[in-house]
Amino acid sequence: MYDDNGNYVVGAYTGTIDEDKLVRWVTASGNAEDGSGLFGAKAQRRMVVNAMASAIKSNEDIRTYDYDFFFATAPGYPELDDELISLNTEKKEMFEIISDTPKTLAPNAKKIQNWATNADNAVSHGSEGRVLKNTYVTRQYPPMGLTSNVDGSEVAVPSSIAKMRNLLVLPRGQIAAGTQYGQVTNLASVGYITDEDEYAPIVVKDGLGEVLVAQSINPIMPRRNTGLLFWGEATENPVQSSLSDEHAIITLLRLKRELETFCQPYFFRINTEALRADFERGIIGILNQYISTNELYDYAVSMERNTPETIQRKELWCDISIEITKGIEQIYIPIHVVATGSISGS
């Protein structure tokens, strides 16, 4: 608007026509990828995402050895997956990322598949499509759950909160899924947020569960007489392998930490045959512990790469191959009906 003198008036600022560039409308949240403006909830979310992403990228403290964390999560914000993945890479892949599916992702097999495969060709990872996958990322569906707030009222929260609760109390060597350690204890129901911005509960049936599993998304679903359960332990490993299991990732992360701690006393010691033998015995002792806790089936250790050349370069090498244990995901019990007397009479 203008005042009586013909000057621009924008809020508390008054400017002349010669300063029009200073008072042009500028969107702090930016625009969508197609150039259209972001308004309302979308603009607000973009501001929050930008602030959180900046905090992760600019924080030098969390990149040092003084800060160690086994899990990382930004509940309800899959847009931050790429920042957390980059941070994990900088820290030599030392933590697991617990992410979410978009809160508005409806229980429709086609919509879930389109989001998971980025069928709509979204240019950035988030609510429009899953653009990236990473071995150290795991996510679940439905995206939201109903729980009690501190004042007793019911609120909808990201389902990653329930997953984190299970992981933090998970006994060593066990799997955070199934009836034993996969029970959802802090959510009354699971669901999603509708177009009317309302919480809608979902009961994930077997058909939808199969679609989720095929897309490396772990379903939260009721099983008979058990209540809500995490019914899957998939990671988003781009290539199907042993590292496609969350149990394998947790085992690997724990082993990497123990080996890093074990190696510290060996730095700047004289590289002798006796020291290398002592080093090998220590490694074997650690791996035997993993056998006893049912985290490994077997392992192999080799010190053959310690040649005169590597010793000259002041290096100590120990190659380890491990077979990580597997959980049961399919049970087959064929029932054979036979003629009377074929069993009792034999």
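Pull out all pairs, ordered by first then second residue, where Cβ-Cβ is under 6 Å, the residues are six or more apart or on different chains, the first lies in segment 62-75 and is farther than 20 Å from Arg254 by Cβ, and the second is open to solvent by 50 Å² or more (accessible area, probe 1.4 Å) and not hydrophobic (A, V, I, L, M, F, W, C).
Arg63/Glu90
Filter segment 88-109 for residues that are in contact with a strand residue (DSSP E or B) (Cβ under 6 Å, 6 or more places away or on another chain) and not in a loop (DSSP other than H, G, I, E, B); which is surrounded by the most Cβ atoms within 10 Å (Cβ to Cβ)?
Ranking the candidates gives Ser99 first.
Find the residue count for segment 110-137, including only residues that are open to solvent by 50 Å² or more (accessible area, probe 1.4 Å), part of a loop (DSSP other than H, G, I, E, B) and charged (D, E, K, R).
3
Can you tell me which residue is nearest to Thr117 (Cα to Cα) among those in segment 212-232 that are open to solvent by less than 20 Å² (accessible area, probe 1.4 Å), in contact (Cβ under 8 Å) with a residue 24 or more places away in the chain and not in a loop (DSSP other than H, G, I, E, B)?
Once the filter is applied, the top-ranked residue is Leu212.
Kindly list, by first and then second residue, each pair from a residue in segment 261-282 that is within 18 Å of Gln312 (Cα to Cα) to a residue that is surrounded by 10 or more Cβ atoms within 10 Å (Cβ to Cβ) and of a type in the set (Val, Ile, Thr), limited to pairs with Cβ atoms under 7 Å and residues at least 6 apart or on different chains.
Asn271/Ile311
Being in contact with a strand residue (DSSP E or B) (Cβ under 7 Å, 6 or more places away or on another chain) and either free of Cβ contacts under 8 Å to residues at least 40 places away in the same chain or over 17 Å from Pro142 (Cβ atoms) (or both) is the requirement here; does Gly209 meet it?
yes
Which residue, of Gly285, Gly209, is in a helix (DSSP H, G or I), of a type outside the set (Ser, Thr, Tyr) and farther than 26 Å from Tyr65 by Cβ?
After applying the criteria, what remains is Gly209.
Step by step: first the residues of segment 69-87, then only those that are of a type outside the set (A, V, I, L, M) and outside any loop (DSSP other than H, G, I, E, B), then the one that is farthest from Ala53 (Cα to Cα). Which residue is that?
Only one residue tops the list, namely Phe71.
Is there a residue being open to solvent by less than 40 Å² (accessible area, probe 1.4 Å), in contact (Cβ under 8 Å) with a residue 24 or more places away in the chain, outside any strand (DSSP E or B) and not basic (Lys, Arg) anywhere in segment 307-317?
No; the residues of segment 307-317 include none that is open to solvent by less than 40 Å² (accessible area, probe 1.4 Å), in contact (Cβ under 8 Å) with a residue 24 or more places away in the chain, outside any strand (DSSP E or B) and not basic (Lys, Arg).
Does segment 130-158 hold any residues that are under 21 Å from Ser244 (Cβ atoms) and out of contact with any His (no Cβ under 6 Å at 6 or more places or on another chain), and which are they?
Arg130, Lys133, Asn134, Thr135, Tyr136, Val137, Thr138, Arg139, Gln140, Tyr141
Tell me which residues, restricted to segment 233-245, are loosely packed, with under 13 Cβ neighbours inside 10 Å and either over 20 Å from Gln140 (Cβ atoms) or touching a strand residue (DSSP E or B) at 6+ places or on another chain (Cβ under 6 Å) (or both).
Val239, Ser241
Looking at Ala277, Ala248, Ala300 in this structure, which one is surrounded by 10 or more Cβ atoms within 10 Å (Cβ to Cβ), modelled with pLDDT of 95 or more and in a strand (DSSP E or B)?
Testing whether each residue is surrounded by 10 or more Cβ atoms within 10 Å (Cβ to Cβ), modelled with pLDDT of 95 or more and in a strand (DSSP E or B) leaves just Ala300.
The values are calculated or read from the model by the stated rules, or taken from the named source; none is laboratory data. Fair warning: this is a prediction, and the values are worked out from it, not measured in the lab. We place every Cβ from the backbone using ideal geometry, glycine too, and count neighbours over all the protein chains shown. Only protein heavy atoms, including side chains, enter the accessible area calculation; ligands, DNA and RNA are left aside. Shrake-Rupley method; radii C 1.70, N 1.55, O 1.52, S 1.80 Å.
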